[in-house]
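Worksheet: the structure to be examined is printed underneath.
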Amino acid sequence: MPAVSAEFDRIADLYDETRRALDQETLKGVKEMLQKHECHTILEIGVGTGRVSVPLLESGFRVAGMDISIRMMEKAREKGVPNLVLAEGSKTPFRDASFDATLMAHVFHLLQDPMSVMREAARVSEVGIFALVRKRNPGEQRWGFSFYEGNVNALDENERKIVEERRERFRKIAEKYGVRWDMSQRFRNWQKEDEILGTFPPDDLKVVSDKMVTLNFEEHISRLERGAYSSILRIPEAMRIEIVSEMRSFAASHPDRISRPRHEVYQLAMWKPQRLVALGNNSVGY
Ligand SMILES: C[S@@+](CC[C@H](N)C(=O)[O-])C[C@H]1O[C@@H](n2cnc3c(N)ncnc32)[C@H](O)[C@@H]1O
């Protein structure tokens, strides 16, 4: 199993309390799109704690869940998700076209090789592969360890200067702990979703949620402090403590920069399996 399975095993106890519940608007959009394409049997790849599968089951869909983290799936089982399989997304144990649909929610950015998972999803889906993804704005403000993980070129000069100073500060902390700090890699991970949508325009695409969200900054720092994200688990504990204290002191001196509302748009993409299966194994350079 990839290292990410151990990370989610560690996060499992914290996951539900540190993530916002999926809002009604998003769930309604997901259900409507599945219904529109007459999909009743669903395999959720990366089912996690069942945050998406549970409401789908409650609405009458037949759902099976698959994940690489046994501890995340234990939570899903406690909530009543009945059919759970420990397996990696690119190697499912199911026969061709076993389900009407496969669904991935908040999973793409974690995958080393998203296309191999897409192809496998295509193999086991009769009607469609569905993915819930965030539509990202290239200049958007994100709270990473540096307060900004987007493309600095999209910022005005003053903002860019602040961001670059922050990045430099974090680079120094990383150096002290012998950790390679590659902000652009983290940015690329999030870009995978956009790249897939760009390379393979979906057969159907629907915005399921569009709103302004203001996150509580202290809550965000506290999630990092508790190790609630897979990325933070990859760095040494002492470095995590130093980063958290750095973020707190930055927040205290720049209160104007920490509570900006951000425009959050989620969309559900759907691809017909025939298109992806036809690609074969070597057609895409991921
Ligand atoms: C961010 S959680 C999302 C869980 C759930 N879909 C939700 O929206 O709450 C991502 C989940 O994907 C799983 N995962 C990551 N990489 C995977 C892979 N290659 N194959 C299967 N599951 C994977 C993780 O273990 C984790 O449970």
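Here are the numbers for the structure shown:
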read-out	value
29 Å Cα-Cα threshold exceeded, pairs from Lys75/Lys172; Lys75/Lys272; Lys79/Lys272; Lys91/Lys172; Lys28/Lys272	Lys75/Lys172; Lys75/Lys272; Lys79/Lys272; Lys91/Lys172
Label-reachable residues, the range 105-126, where backbone N falls under 13 Å from a point 7 Å from Arg234's Cα toward its Cβ	109-113
Full-extension gain in nm, Asp210 to Lys161, via 0.36 nm per residue minus C-alpha separation	14.6 nm
The chain pair-distance distribution - Cα-Cα, 10 Å bins, rounded %	6, 27, 35, 23, 9, 1
Proximal charge balance of Arg275 [Cβ under 15 Å; K/R count +1, D/E count -1]	-1
Arg95/Lys31 FRET efficiency (R0 22 Å; Cβ-Cβ; nearest 0.05)	0.25
Convex hull of Cα atoms in the range 1-125, direction-averaged projection (nm²)	7.1
Once exposed loop trypsin sites (Lys or Arg not before Pro) are cut out (DSSP; at most 11 other Cβ, 10 Å), longest piece of the chain	181-286
Where labels lie 7 Å past Cα in the beta-carbon direction, separation of Arg62 and Ser245 in nm	5.7
Total formal charge among the other residues, if their Cβ is under 12 angstrom from that of Ile173, Lys/Arg +1 and Asp/Glu -1	+3
The chain - charge dipole about Cα centre, Lys and Arg +1 at Cβ, Asp and Glu -1, debye rounded to 20	240
Contour minus Cα-Cα distance for Lys79 and Glu175 (0.36 nm per residue)	30.3 nm
Two-site label geometry, Thr41 and Leu14: point separation in nm, points 7 Å out along Cα→Cβ	3.9
Extension gain (nm, one decimal) between Thr199 and Ala278, 0.36 nm per residue minus Cα-Cα	27.0 nm
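Since every read-out is calculated from the coordinates, none of them should be taken as a lab result. What you are looking at is a predicted structure, and each value in this text was computed from that prediction instead of being measured. Neighbour counts run over all protein chains shown; Cβ positions are idealised from the backbone, glycine included.
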